Ligand code: SF4
């Protein structure tokens, strides 16, 4: 309206109106920037070709679904997404800024690229975000990837690929229950590096029978791929999985593997920005940073988690993990199983567990904004907090808190000890 009136005014009034117009726009923009929270969006694809021996993720073994059935599942994800937008984000939905989309699983690289395109396109009808400026990750396993499929995923909107390699020898891959061979993984890594500027490779250490020396040799090989991002995780054995018993005999301490990994990767020029994640400059994973910064995130699919709302309005949502129950309930309830408003104490604990994993730690501003100043003051005044500072496990600065190198090796224990 202001624009439409400007041509009818005198030159002086036109100038004045223009200035007023510009200042209104800048106020509006700064308002929007303050009230526009970033949102990380996750889609879960719960199918894998087979179940790995250590896996406790919400996934089931299945041959690739016929395309008709895949489309029905994709439609269920869309219905669930729409339900979440309408019932959880409500009238705030347009104000969110999509920070990242992550297709995880399971094995979402089993999907046809058209299905990925359909999901991204649907999200963009609500948030017309810039495809190039928004990190969109696809988790992938080497088995079904070809150079052509990788190009098709890129054309569908994927701009970051995360490949589960896990080990660099066939005996360990077989022992972990992985279905790909080392040769296949090496071939796929070479294709990925040609199609994607941004990608991640996943590896697991502390495997049965793996010594520190063996892991260091493997790390040398891993670094020859020159991947912009590496996720290096300790093998965690969930009770009830096939590897649970053999691991009882395993004795080298996790801390020694962690220390070796951190030291090694820093020497190779990677930033150890999170306890298990390493990157070249400007290649930190924006999606995972949303979790570690305790920002809002929306999970769509069976077994997913969401944290929506700020400060006292923050609420935890979990989706039904049973695939059938989830799918038949998406239209009525979005597939949600539980809705739990989080107390200040719970928000503080969750924020510490997430943020202390980061090398940068947590800023006072973020922590107080999330959990409330009085809770943070109480935490800082506690004798346990002071003890952790004295022991150089927690480092307190004017800007915030972070865990020391030693502290980052035992974050769960720190939060337990703080006894919040
Ligand atoms: S590929 Fe990943 S999600 Fe699937 S079974 Fe293996 S570890 Fe689990």
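The values are calculated or read from the model by the stated rules, or taken from the named source; none is laboratory data. Keep in mind the model is a prediction, meaning the values are calculated, not measured. Backbone-built Cβ (ideal geometry, glycine too); neighbour counts: all protein chains shown.
Only one of (1) surrounded by fewer than 16 Cβ atoms within 10 Å (Cβ to Cβ); (2) free of Cβ contacts under 8 Å to residues at least 24 places away in the same chain; (3) within 23 Å of the chain's Cα centre (by Cα) fails for residue 82. Which number is that?
Among (1) surrounded by fewer than 16 Cβ atoms within 10 Å (Cβ to Cβ); (2) free of Cβ contacts under 8 Å to residues at least 24 places away in the same chain; (3) within 23 Å of the chain's Cα centre (by Cα), residue 82 violates only (1).
For the subset of the stretch 127-173 comprising residues that are part of a helix (DSSP H, G or I), within 16 Å of the ligand (Cβ to nearest atom) and over 17 Å from residue 116 (Cα atoms), which member is nearest to the chain's Cα centre (by Cα)?
142
Go through the stretch 213-240 and give me each residue that's assigned to a helix (DSSP H, G or I) and in contact with a strand residue (DSSP E or B) (Cβ under 9 Å, 6 or more places away or on another chain).
Within the stretch 213-240, 215, 218, 219, 222, 223 meet the criteria.
List the pairs whose first member sits in the stretch 364-391 and is exposed (fewer than 14 other Cβ atoms within 10 Å of the Cβ), whose second member is modelled with pLDDT of 95 or more, and whose Cβ atoms are under 6 Å apart, counting only residues at least 6 apart or on separate chains?
none
Among the listed residues 406, 398, identify the single one that is assigned to a loop (DSSP other than H, G, I, E, B) and not assigned by TED's automatic domain parsing to the domain that holds residue 264.
398
Considering the stretch 337-363 alone, what residues qualify as being touching a residue at least 24 places away in the same chain (Cβ under 8 Å) and assigned to a strand (DSSP E or B)?
339, 340, 341, 358, 362, 363 - these are the residues of the stretch 337-363 that are touching a residue at least 24 places away in the same chain (Cβ under 8 Å) and assigned to a strand (DSSP E or B).
Scan the stretch 72-124 residue by residue and report those that are in contact with a helix residue (DSSP H, G or I) (Cβ under 9 Å, 6 or more places away or on another chain) and in a loop (DSSP other than H, G, I, E, B).
Answer for the stretch 72-124, where residues must be in contact with a helix residue (DSSP H, G or I) (Cβ under 9 Å, 6 or more places away or on another chain) and in a loop (DSSP other than H, G, I, E, B): 96, 107, 111, 112.
Do we have residue 196 as more than 12 Å from the ligand (Cβ to nearest atom), in contact (Cβ under 8 Å) with a residue 60 or more places away in the chain, assigned by TED's automatic domain parsing to the domain that holds residue 219 and in contact with a strand residue (DSSP E or B) (Cβ under 9 Å, 6 or more places away or on another chain) here?
Spelling it out, it is not the case that residue 196 is more than 12 Å from the ligand (Cβ to nearest atom), in contact (Cβ under 8 Å) with a residue 60 or more places away in the chain, assigned by TED's automatic domain parsing to the domain that holds residue 219 and in contact with a strand residue (DSSP E or B) (Cβ under 9 Å, 6 or more places away or on another chain).
Is it true that residue 39 is more than 24 Å from residue 144 (Cβ to Cβ), at pLDDT below 95 and more than 16 Å from the ligand (Cβ to nearest atom)?
no
Suppose we keep only residues that are surrounded by fewer than 20 Cβ atoms within 10 Å (Cβ to Cβ) and out of contact with any helix residue (DSSP H, G or I) (no Cβ under 6 Å at 6 or more places or on another chain) within the stretch 36-48. Which one would you say is nearest to residue 286 (Cα to Cα)?
38
In the stretch 260-279, which residue that is within 16 Å of residue 210 (Cβ to Cβ) and over 23 Å from the mean Cα position of the chain (by Cα) is surrounded by the fewest Cβ atoms within 10 Å (Cβ to Cβ)?
If we take residues in the stretch 260-279 being within 16 Å of residue 210 (Cβ to Cβ) and over 23 Å from the mean Cα position of the chain (by Cα), then 260 is surrounded by the fewest Cβ atoms within 10 Å (Cβ to Cβ).
Could you count how many residues in the stretch 52-71 are more than 15 Å from the ligand (Cβ to nearest atom) and either part of a loop (DSSP other than H, G, I, E, B) or surrounded by fewer than 17 Cβ atoms within 10 Å (Cβ to Cβ) (or both)?
Number satisfying all stated conditions: 5.
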